[in-house]
Amino acid sequence: MIMHKKESIHYRMPAEWEPHKATWLSWPHNPTDWPGRMSSVQKIYAELAQKLAVVEKVCILVNSGQHEARARKYLGQTQADLANISFHHISTNRSWIRDYGPTFVSDNRTKGKTKRIIRFRFNGWARYPAHRKDNSVPLEIANRLNLKVISAKWRNSPLVLEGGSIDVNGFGSLITTEECLLDPKTQSRNPGITRSEIEKLFGRYLGITNIIWLNRGIEGDDTHGHVDDICRFVDRRTLVLAMETNPSDVNADVLAENLERLKHVRLEDGTRPAVVKLPMPKPVYFKKWRLPASYANFYIANGIVLVPTFGDPADRKAIGILAELFPSRDVIGINAVDLLIGLGGPHCITLQEPV
């Protein structure tokens with residue numbers, strides 16, 4: 001839908017493909033996320049950080065000196081460029097920094113469009129009680145970077161929002177899901193908030209003038225439908241949408257409905273977005289649980305795109321599609337099966353800091 005501009009646009013949230021100053025990570029330490037797989041998950045983090053350190057600075061949160069030493073050990077095994085990696089002693093509950101880390105914006109009212117941090121409240125996806133340390137991360141990072149913090153509020157209360165629940169094109173359009181932000185049956189982030197209130201708040205804090213609402217996310221997603229598992233902007237006018245071709249799969253109808261919605265949406269300038277279909281891998285399970293495996297959970301960095309792979313025949317197809325969409329970047333597969341046991345992927349564990 002196209003929103004009417006009712007407030008001045010003070011801030012702008014850059015798109016992920018715009019130039020980065022750094023990528024932020026939180027080194028894994030919570031074994032409940034990856035039972036029996038902590039070593040392999042740390043190897044995945046190290047591989048990912050090594051590839052990122054080639055193209056941009058990498059900032060890693062650690063809980064202690066011992067935690068930092070462990071990270072350095074795994075990074076050393078990948079021959080990562082430690083000169084381009086810095087460690088920050090900031091305690092966390094879990095490692096999904098995409099969702100609780102700071103949202104960086106530029107302030108249009110300042111000369112040079114000064115970088116600011118928008119702080120949303122994090123409440124453990126309205127699911128997990130241990131989140132106090134994670135919720136404090138934006139302030140901790142702001143202190144280290146000496147950046148001004150703007151606390152997002154609605155009805156005089158902190159606005160709850162996770163980074164994986166939204167995606168932007170940098171020109172005023174944002175995509176999200178009703179399941180995550182509006183459905184009272186599946187979430188208690190901002191009880192009672194209305195669609196129009198959310199749209200106004202996105203305009204006020206992120207410079208958004210146009211919201212594209214999808215319906216629901218995929219099976220196994222414990223975040224209530226985060227959009228970064230189903231649909232992403234790859235440039236100002238192009239979206240990739242995960243599609244399930246097996247009609248008997250539980251995700252087939254959900255993703256087909258989202259495709260139908262995209263046929264009728266507009267971007268901020270009134271034009272239709274291009275929609276490119278991205279395949280889904282075959283279902284991935286841990287014990288009896290379906291995991292939220294999706295190629296849409298990729299991360300765009302300076303010069304590269306890191307794509308989760310699952311040892312599936314569709315891995316190659318997904319990487320090929322994204323390589324065509326990012327001709328100036330190297331598209332690299334990251335074996336993410338063990339990472340997925342924690343119900344997330346490369347996009348969930350990374351957070352871009354724009355220049």
If residue 116 passes every condition in (1) more than 21 Å from the chain's Cα centre (by Cα); (2) not in a loop (DSSP other than H, G, I, E, B) but one, which one does it miss?
(1)
With respect to residue 164, is the statement that it is of a type outside the set (Asp, Glu) and touching a Cys at 6+ places or on another chain (Cβ under 9 Å) true?
yes
Tally up the residues in region 292-330 that are among the aromatic types (Phe, Trp, Tyr) and either closer than 19 Å to residue 55 by Cα or touching a Lys or Arg at 6+ places or on another chain (Cβ under 6 Å) (or both), please.
3
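A quick yes/no check of all residues on (1) exposed (fewer than 14 other Cβ atoms within 10 Å of the Cβ); (2) out of contact with any helix residue (DSSP H, G or I) (no Cβ under 9 Å at 6 or more places or on another chain); (3) on the phi < 0 side of the Ramachandran plot; (4) of a type in the set (Lys, Arg):
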| position | (1), (2), (3), (4) |
| --- | --- |
| 58 | no, no, yes, no |
| 62 | no, no, yes, no |
| 68 | no, yes, yes, no |
| 72 | no, no, yes, yes |
| 87 | no, no, yes, no |
| 91 | no, no, yes, no |
| 95 | no, no, yes, no |
| 111 | yes, yes, yes, yes |
Only one of 238, 176, 223, 209 that is among the β-branched types (Val, Ile, Thr) and more than 19 Å from the chain's Cα centre (by Cα):
209
Going through 51, 115, 111 one at a time, which residue ends up being more than 17 Å from residue 136 (Cβ to Cβ), touching a Phe, Trp or Tyr at 6+ places or on another chain (Cβ under 7 Å) and among the charged types (D, E, K, R)?
115
From the list 193, 175, 141, exactly one residue is crowded, with 18+ Cβ neighbours inside 10 Å and assigned to a strand (DSSP E or B). Which is it?
175
Of all residues in region 204-220 being more than 29 Å from residue 106 (Cβ to Cβ) and either out of contact with any Gly (no Cβ under 9 Å at 6 or more places or on another chain) or among the hydroxyl-bearing types (Ser, Thr, Tyr) (or both), which is surrounded by the fewest Cβ atoms within 10 Å (Cβ to Cβ)?
219
Does residue 278 satisfy being under 20 Å from residue 225 (Cα atoms) and either assigned to a helix (DSSP H, G or I) or hydroxyl-bearing (Ser, Thr, Tyr) (or both)?
no
Considering only region 156-172, state which residues are over 26 Å from residue 239 (Cα atoms), part of a loop (DSSP other than H, G, I, E, B) and modelled with pLDDT of 95 or more.
159
Residue match in region 328-337 (condition: modelled with pLDDT of 95 or more, farther than 28 Å from residue 39 by Cβ, under 18 Å from the mean Cα position of the chain (by Cα) and crowded, with 18+ Cβ neighbours inside 10 Å):
no
When restricted to 342, 320, 311, 333, the only residue more than 30 Å from residue 208 (Cα to Cα), among the small types (Gly, Ala, Ser) and assigned to a helix (DSSP H, G or I) is 320
Residue among 354, 292 that alone is farther than 30 Å from residue 145 by Cβ, of a type outside the set (A, V, I, L, M), touching a residue at least 60 places away in the same chain (Cβ under 8 Å) and buried (at least 16 other Cβ atoms within 10 Å of the Cβ)
292
Could you identify the single residue in 169, 135 that is among the polar types (S, T, N, Q), touching an Asp or Glu at 6+ places or on another chain (Cβ under 8 Å) and surrounded by 16 or more Cβ atoms within 10 Å (Cβ to Cβ)?
169
Return yes when residue 269 is surrounded by 22 or more Cβ atoms within 10 Å (Cβ to Cβ), in contact (Cβ under 8 Å) with a residue 24 or more places away in the chain, outside any helix (DSSP H, G or I) and among the acidic types (Asp, Glu) and no when it is not.
no
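The values are calculated or read from the model by the stated rules, or taken from the named source; none is laboratory data. Since the model is a prediction, treat every value here as computed from it, not as a measurement. In this analysis, Cβ positions are derived from the backbone assuming ideal geometry, glycine residues included, and neighbour counts consider all displayed protein chains.
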